[in-house]
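Please read the structure below before turning to the comments.
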Amino acid sequence: MSIDLMIKFIYAFVIGLTLIAVIYRNQESESDPHRPESIRQRYLPYVSAVMLPCIFAALLLLASFQFGPRYALPRIFSLIFVIFLHISLYYMLLLPFLPLLRRTISARVCALLWTLPNLLYIQFSFVRVQKPAWVISVPGNLIWILSALWIAGFTAVFLHALLSHLLFRRKILKDSQAVTDPAVLEILDRETRDANFQKRKFKLVRSPQVPAPLSIGLFRSSTRIVLPEKSFSPEEYALIFRHELIHIGREDAWAKFFLLFSTAVCWFNPFLWIARKKCSEDLELSCDETVLQGTGDRQRYAELILKAAGDDRGFTTCLSSAASTMRYRLREITRAEKKRSGIFTAALIFFILFMSCGYVGLAFGEHRGSEAIFPETDPSLSSLDSIRVEGGKYYPKRDFIDAAALNSYLSDLELQDIAYSSFSDEEKFIEFQYTSPDGLQFVRLYDSYLEISSMDRKEIYYLPEPTDWETLNALIPEIPAAEIKLLAEDKRSEYSLTPTVTRLVRVSDGREQILRDWELQKEEVTGIIYGSDPRLREIFISFSLPLQSEIEVFIQPQDQESGYWVTPQEEDGTWRFSPSAASAVYTIRADFSGKDGAAYQTEFTFSIEVN
């Protein structure tokens, strides 16, 4: 498991546990009418239904302000595409399972399932989205055409719904009158106190334009509980106000807003339109369930709902909304069937939703490697300092590496933008380090991606054509690696070091290619161990590549003019020998079989100095 995936798993697990705690706390609070007056509001939302839209809006504004709309728009479009493609799939899978869920778990949790995707904002705000398993490549400037079509559809759906809400609100409130009947207001105050609302910011009005009680508005200060011009008994008023207070406390109007936002984003997906309707149904079923828990007024409540079929256009919650769902609601109200709370079901669904997000990416635009790696400087002013490959690093200024050919390969790469992705360090890559007028810059080339990072930027590009590893391996072959372990005479002291490759020759088809031939000065010898115990019992050597023959070790003691050769003994893939001198320079000669089929003649050097 990669580090990114492990972090994502931890986040999903912790948030899932938090969700369990929130659902349990809210359900306990809602079912206990005898609470101290000092505790919080009784009816609360399980998940904030505005987090994801707000995050998208904030990202678009910040990116547009900092980089300009031309940079921000396609990237935000790419992000929205990835997240809402996943949300669309989630709703498509939720819809067929909804009848089963409604029969087995509480209506409150069923309603929660529609707003669970809001928690996906954590996916790209705090957790890196891992490498996509599938990338949809949009060639050329087609991204702008698709963005324009998407914006047109989103704007039409969203503004139409918003305008419909405002017109409906204006219609029902135009001739409304504030309720002044002390008896009715007393019932409302009693239910408000029972719900433990700290301050009643909403208002109670009557309107001739509504056939059934409803509440309308997104914000508490602008919310109105609207009664029809009908008379109700005190018991019925209590049920009406309790119903609407539950909607207001749980912010169900915002839940409807989120489903509208999701539908507008995915306006081309018919399943989102169905999901929006089913969400409204579950919000009402959830409210019915809470109103009736612990009460024997089921028959009265059913009769109250039957009195009128209302209208729930816009961001409204209506006591008796669509007539098409009336039969199901009445059946649920009257049969009082015991169901499971659904706490663990919701946590499990969230865990799967979170862990499965981010495996689809959208690549767009066209770039060349030269303009991406050196966007503001002349490439000739940058120098290639090192190349990190499997097993170690090459240094073009000292090694026999064709830096010009490598720069040409990178400059000719075809790249596309891809937003919010990361890669595991376990994946194969080659890293190039450049020194430019702007400072150090690192370029990592993966199989299908290019990552560019420096002190002030980090960008990721998608490669429509995968990396040509055969060409690169010919230019910069792998470097054999060795690991040294030193065991002291007392068997209690153990040291590890990595020796330096000082000579490397690649042999392929009978042709020798010298890649490295260093003459190291004493101060350049790496892998130095300083110790107080001169008695080294054994030295163990292990290699990253399979050997073609036995190895030899040349030992040059520091206090002697001449050195000597030893042949280590092999045991379970590890080579070992016992040195006769502690402070010395060691040179290991070995031939390896490379993964590319070539042979590698290699010399390693390390030094041991004893105080």
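The values are calculated or read from the model by the stated rules, or taken from the named source; none is laboratory data. This one's a predicted model, so the numbers in the text were calculated from it and none came from an experiment. Cβ coordinates were reconstructed from backbone atoms using ideal geometry, including for glycine residues, and neighbour counts include every protein chain displayed.
On the basis of being part of a strand (DSSP E or B), at pLDDT 85 or above and either surrounded by 14 or more Cβ atoms within 10 Å (Cβ to Cβ) or under 45 Å from the mean Cα position of the chain (by Cα) (or both), does LEU545 make the cut? No. Number of residues in segment 257-286 that are part of a helix (DSSP H, G or I) and touching a residue at least 60 places away in the same chain (Cβ under 8 Å) equals 19.
The set of residues in segment 344-364 being out of contact with any helix residue (DSSP H, G or I) (no Cβ under 8 Å at 6 or more places or on another chain) and modelled with pLDDT of 90 or more consists of ILE352 alone.
Please state which one of VAL525, VAL566 is of a type outside the set (D, E, K, R), modelled with pLDDT of 90 or more and assigned by TED's automatic domain parsing to the domain that holds ALA488. On inspection, the qualifying residue turns out to be VAL566.
Looking at segment 66-84, is at least one residue more than 19 Å from GLY361 (Cα to Cα) and either among the basic types (Lys, Arg) or under 15 Å from the mean Cα position of the chain (by Cα) (or both)? Yes, segment 66-84 has at least one match. Residues in segment 463-482 that are among the hydroxyl-bearing types (Ser, Thr, Tyr) and either farther than 17 Å from HIS367 by Cα or at pLDDT below 90 (or both): THR471 only.
Residue count for segment 486-516 under the criterion of being at negative phi and either assigned to a loop (DSSP other than H, G, I, E, B) or modelled with pLDDT of 90 or more (or both): the result is 20.
Going by what's in this entry, would PHE442 be described as modelled with pLDDT of 80 or more and surrounded by 18 or more Cβ atoms within 10 Å (Cβ to Cβ)?
So PHE442 fails the test.
In segment 126-135, the condition of being surrounded by fewer than 21 Cβ atoms within 10 Å (Cβ to Cβ) and part of a helix (DSSP H, G or I) is met by no residue. Of the residues in segment 140-159, at least one is part of a helix (DSSP H, G or I), at pLDDT 90 or above and of a type outside the set (A, V, I, L, M, F, W, C).
So, GLU303, is that one assigned by TED's automatic domain parsing to the domain that holds ALA156, in contact (Cβ under 8 Å) with a residue 40 or more places away in the chain and in a helix (DSSP H, G or I) or not? When the stated conditions are applied, GLU303 does not pass them.
The residues of segment 169-220 that are loosely packed, with under 14 Cβ neighbours inside 10 Å, assigned to a loop (DSSP other than H, G, I, E, B) and under 47 Å from the mean Cα position of the chain (by Cα), listed by number, are GLN198, LYS199, LYS201, PHE219.
If I ask for residues that are within 19 Å of the chain's Cα centre (by Cα) and aromatic (Phe, Trp, Tyr), which ones from segment 46-65 would you list? Once the filter is applied, which keeps residues that are within 19 Å of the chain's Cα centre (by Cα) and aromatic (Phe, Trp, Tyr), segment 46-65 yields only PHE56.
Tell me whether segment 376-386 contains one or more residues that are modelled with pLDDT of 90 or more, in a loop (DSSP other than H, G, I, E, B) and in the same structural domain as TYR462 (by TED's automatic domain parsing).
Checked segment 376-386: no residue is modelled with pLDDT of 90 or more, in a loop (DSSP other than H, G, I, E, B) and in the same structural domain as TYR462 (by TED's automatic domain parsing).
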